[in-house]
Amino acid sequence: MLLTFPWCLCVFVVKRESDETIKGLLFKAMTMIFGKHSADGYKKPLKGIRQKTLVYGSRTLMTEFLLDKNNVLPEHSHPFEQTGYLVKGHILLKIGDTQHDTLPGDSWCIPADTPHGAQIIEDSTAIEIFSPVREDYIPKDAG
């Protein structure tokens, strides 16, 4: 079977072994190796929060969050480890039972299934990496 993926400029020749093998190869091939800065592509999952997937591979996914002053990211949890870095702004980040006064240059790692949320004190930008890859964050036009 010949598989081509124009978005990754590659061609695969595979021997059909099973649908699961093909699915695994497709997921591994669906990586975004390099991303150019663009003002497009942001989703608005909540009021005052814009989210954009920047780049992803087979094990990690990097996302930019633009957080508007005086908004709240409600406490939630998910099965992904989440590592982050505050580029600009000021947030009060709650991880588990501990609140962190987070300023530019601060970073964090939230274990999988740990409740977390944030109060946005100033307009802020955060970069976060999820592992394993959050398939719900892969852009619809990626495949």
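A few comments on the model shown:
- Residues (touching a strand residue (DSSP E or B) at 6+ places or on another chain (Cβ under 9 Å), farther than 20 Å from Asp40 by Cα and hydroxyl-bearing (Ser, Thr, Tyr)) located in the stretch 96-143: Thr102, Ser107, Thr114, Ser131
- Gly89 vs. criteria of a type in the set (Gly, Ala, Ser), assigned by TED's automatic domain parsing to the domain that holds Lys47 and touching a Ser or Thr at 6+ places or on another chain (Cβ under 9 Å): yes
- Residue within the stretch 39-53 that is farther than 21 Å from Glu122 by Cα, among the β-branched types (Val, Ile, Thr) and free of Cβ contacts under 8 Å to residues at least 60 places away in the same chain present: no
The values are calculated or read from the model by the stated rules, or taken from the named source; none is laboratory data. In this text the structure is predicted, and so the values were computed from the model without any measurement. Reconstructed Cβ throughout: ideal geometry from the backbone, glycine too, with neighbour counts over all protein chains shown.
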